[in-house]
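Down below is the structure, laid out as structure tokens.
The values are calculated or read from the model by the stated rules, or taken from the named source; none is laboratory data. Here the structure is a predicted model, which is why all the values come from computation and not from measurement. Reconstructed Cβ throughout: ideal geometry from the backbone, glycine too, with neighbour counts over all protein chains shown.
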Amino acid sequence: MEIEGLERIVREHRFFAGLDDAFCKLVCGCAKNVRFEAGQYLFHEGEPADRFYLLRHGRVALEVTTPGRGAVRFQTVGEDEVVGVSWLIPPYRWTYDAKALELVRAIAMDATCLRQKCEADHDLGYEMMKRFVPVLVERLHATRLQILDVYGTPT
């Protein structure tokens, strides 16, 4: 795919709506198109968090493994959402699994590339943090609700 097409896709993705043109060019230098078949994992808990994904098509289950219960889905994300926040926070390891529930098309962002660009340009880094903190809070809230559902008060 041409870089202009990739830039258009990134610019049109809800997560990067309103992103400055110069920042968009920097971000797109770390981007590539990817796809995952149903049942394929985007990543596993404990692995290096070396990328994040802008979902273009399909749904992804975010899961945590619990003793005695196996995988517990705490959120399902879909088109126009982002998967993967652990790339921002040392030690840069995934804290949950992400599994494609159906064919998923996405833009994968190389985390090392983007972290280096954010370190070199703190304005870009601040822009990324402003966009990722709400995602982090949403995921924490979804996990909290799942815990309440699993371990709620007995009747």
Checked the stretch 120-155 for anything in a helix (DSSP H, G or I), acidic (D, E), at pLDDT 85 or above and more than 20 Å from the chain's Cα centre (by Cα); matches are D123
Take L54 and tell me if it is at pLDDT 95 or above, in contact with a His (Cβ under 8 Å, 6 or more places away or on another chain) and surrounded by 18 or more Cβ atoms within 10 Å (Cβ to Cβ). yes
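Here are some residues: Y41, Y96. Which one is aromatic (F, W, Y) and at pLDDT 95 or above?
From the options Y41, Y96, the qualifying one is Y41.
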What number of residues within the stretch 82-108 satisfy the criterion of being touching a helix residue (DSSP H, G or I) at 6+ places or on another chain (Cβ under 7 Å) and at negative phi? 8
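For every residue, the table says whether it meets (1) among the charged types (D, E, K, R); (2) surrounded by 11 or more Cβ atoms within 10 Å (Cβ to Cβ); (3) touching an Asp or Glu at 6+ places or on another chain (Cβ under 7 Å); (4) within 20 Å of V135 (Cβ to Cβ).
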residue	(1), (2), (3), (4)
V10	no, yes, no, yes
H13	no, yes, yes, yes
A17	no, no, no, yes
C24	no, yes, yes, yes
C28	no, yes, yes, yes
V34	no, yes, no, yes
Cβ-Cβ under 9 Å, sequence separation 6+ or interchain: first residue in the stretch 38-59 and in contact (Cβ under 8 Å) with a residue 12 or more places away in the chain and closer than 12 Å to A106 by Cα, partner in a strand (DSSP E or B) and among the hydroxyl-bearing types (S, T, Y). Which pairs? L42/Y53; R59/T76
